[in-house]
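Asks: Here's a structure for you.
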Amino acid sequence: MSKEAVAEETSKMKKVFEGPESLNEEEFSYCPGCHHGVINRLIAEVIDDLGIQDNTIGTAPVGCSVFMYKWFDIDVIQPAHGRVSAVATGVKRARPDLNVFAYQGDGDFASIGTNNSTHAANRGENITVFFVNNTLYGMTGGEMAPTTLLDQKTTTTPHGRNAKDYGYPIKMSEMLAELDGPTYITRQAVYDSKRIDDAKSAMKKAFRIQMEEEGYAMVELLSACPINWGMDPVEANERIKEKVEKVYPLGDIIDRT
């Protein structure tokens, strides 16, 4: 291999280890084994790949992603809990020239924010939504969320969720797909290299849909929460494959592009 080729490969490897330009050097505060960090990095990589760092605004709620404004080297707004899709809508309508994404957990997107989430999708707002589903409330202690699986133990369902008392897990992607407004809704995971590649491709497509003014695009991402699940990271990854995906299967739900 020539010196030039070696220098080029070294430069590529250095970039990988340094991280995307759209992230700064501030350390994440996510728990060990949490998939939020992987998802954040993928979003930053996609922003870099598309060359939209200078005209992208993120919106992220109170929750595990509460400090997103510290980690991303782009402008980030922190709305009140559950209001992220509404704020992203307002930013996009005020500045349609910008790329606007909403980053929401399942407690935020599917519980307190169900109203905002649903109507933004129904209107076909030209925004990109990343919906992180770890089947519980992560930051506040592992309480039951609308997405919690049946029989799953949480701090508020210590004997496991049962349908009689708590209802069934809400499948937001399938529910929103029944509306006429959304353009693209998909569900992905990031527990291995193939799923990471698939998730990144879906994220890039979701941004491109917005850039081409084709409407609402949402990427649901199944995420591990080892601390609140009471597992190590390897066990948490296996749980997603063996249990979570049976309730929330991966793949495109709708694609109207």
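The values are calculated or read from the model by the stated rules, or taken from the named source; none is laboratory data. Keep in mind that what you see is a predicted model, and the values were worked out from it rather than measured. Methodologically, a virtual Cβ is constructed for each residue, glycine included, from the backbone with ideal geometry; neighbour enumeration extends over all protein chains shown.
Asks: Exactly one of (1) modelled with pLDDT of 95 or more; (2) more than 14 Å from the chain's Cα centre (by Cα); (3) under 22 Å from GLU242 (Cα atoms) is unmet by GLN188. Its number?
Replies: It is condition (2) that GLN188 fails.
Asks: With the structure loaded, tell me whether CYS34 is more than 20 Å from SER22 (Cα to Cα) and among the hydrophobic types (A, V, I, L, M, F, W, C) or whether it fails that test.
Replies: yes
Asks: Working only within the stretch 147-162, note down all residues that are of a type outside the set (Ser, Thr, Tyr) and either over 20 Å from the mean Cα position of the chain (by Cα) or at pLDDT below 95 (or both). Before you say what the answer is, go through the steps one by one.
Replies: Step one: list which residues in the stretch 147-162 are of a type outside the set (Ser, Thr, Tyr), which gives 149-153, 158-162.
The answer is LEU150, ASP151, GLN152, LYS153, PRO158, HIS159, GLY160, ARG161, ASN162.
Asks: So, one more: Can you report the number of residues in the stretch 163-181 which are within 21 Å of the chain's Cα centre (by Cα) and outside any loop (DSSP other than H, G, I, E, B)?
Replies: Our first condition is that a residue be within 21 Å of the chain's Cα centre (by Cα); within the stretch 163-181, this holds for 169-179, 181.
Then keep just the ones that are outside any loop (DSSP other than H, G, I, E, B); that gives 172-177.
Count: 6.
Asks: Only one of these is among the polar types (S, T, N, Q), in contact with a strand residue (DSSP E or B) (Cβ under 9 Å, 6 or more places away or on another chain) and buried (at least 20 other Cβ atoms within 10 Å of the Cβ): THR148, THR186, THR154, THR257. Name it.
Replies: THR186
Asks: Check the stretch 204-216 and report whether any residue there is assigned to a loop (DSSP other than H, G, I, E, B) and under 18 Å from VAL244 (Cα atoms). Lay out the reasoning, then the answer.
Replies: Keep residues of the stretch 204-216 that are assigned to a loop (DSSP other than H, G, I, E, B), which gives 212-216.
Checking the rest, the ones that are also under 18 Å from VAL244 (Cα atoms) come to none.
Within the stretch 204-216, not a single residue is assigned to a loop (DSSP other than H, G, I, E, B) and under 18 Å from VAL244 (Cα atoms).
Asks: Name the residues in the stretch 114-149 that are among the charged types (D, E, K, R) and without any contact (Cβ under 8 Å) to a residue 40 or more places away in the chain, would you?
Replies: Residue satisfying the conditions is GLU143 alone.
Asks: Now for a different question. What pairs come up if the first residue lies in the stretch 77-100 and is at positive phi and touching a residue at least 24 places away in the same chain (Cβ under 8 Å), the second is assigned to a loop (DSSP other than H, G, I, E, B) and surrounded by fewer than 22 Cβ atoms within 10 Å (Cβ to Cβ), and their beta carbons are under 9 Å apart, counting only those six or more places apart or on different chains?
Replies: Pairs that qualify, where the first residue is at positive phi and touching a residue at least 24 places away in the same chain (Cβ under 8 Å) and the partner is assigned to a loop (DSSP other than H, G, I, E, B) and surrounded by fewer than 22 Cβ atoms within 10 Å (Cβ to Cβ), are GLY82/VAL62.
Asks: Would you pick out the residues in the stretch 217-243 that are among the hydrophobic types (A, V, I, L, M, F, W, C), more than 16 Å from the chain's Cα centre (by Cα) and not in a loop (DSSP other than H, G, I, E, B)? Spell out the reasoning first.
Replies: Going through the stretch 217-243, the residues among the hydrophobic types (A, V, I, L, M, F, W, C) turn out to be 217-219, 221-222, 224-225, 227, 229, 231, 234, 236, 240.
If we keep only those that are more than 16 Å from the chain's Cα centre (by Cα) as well, we get 227, 229, 231, 234, 236.
Selection gives ILE227, TRP229, VAL234, ALA236.
Asks: Just name the residue that is nearest to the chain's Cα centre (by Cα) out of those in the stretch 126-143 that are surrounded by fewer than 24 Cβ atoms within 10 Å (Cβ to Cβ) and on the phi < 0 side of the Ramachandran plot.
Replies: Once the filter is applied, the top-ranked residue is MET139.
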